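S.K.: Have a look at the structure that comes next, please.
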Amino acid sequence: MISNCANPDCGKPLHYLREGRIYIFNTPTATVASGKTGQRRLEHYWLCGVCMEKLTLAQDGQGRIHLLKRRAPHDCGDSVTSTARTTRLAS
């Protein structure tokens, strides 16, 4: 259950879904002993309205969730910056 902003520097409590943004990622569970990949599950994250203006969440190829800085609106159209400053979020 989501209870706080996914930005570890913020931690604002989630009271209403009016502000901010919910992110849903399909993430793998732990690998079982036989070497087969475990099941996948949906994980939910929330960025508050203030953090959402500066940051976004993205999933890498290994299923890890990262906090990324957004580009300024005048930068080349894409809203996500390079991974110059990423924060890996604990699952």
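The values are calculated or read from the model by the stated rules, or taken from the named source; none is laboratory data. Because the structure is a prediction, the values reported are computed rather than measured. Reconstructed Cβ throughout: ideal geometry from the backbone, glycine too, with neighbour counts over all protein chains shown.
S.K.: Counting only residues that are basic (Lys, Arg) and surrounded by 10 or more Cβ atoms within 10 Å (Cβ to Cβ), which one in the range 13-71 is modelled with the lowest pLDDT?
M.R.: Within the range 13-71, the match that is modelled with the lowest pLDDT is ARG40.
S.K.: OK, next. Scan (1) of a type in the set (Val, Ile, Thr); (2) more than 12 Å from the chain's Cα centre (by Cα); (3) modelled with pLDDT under 85 for the single condition THR87 breaks and write down its number.
M.R.: (2)
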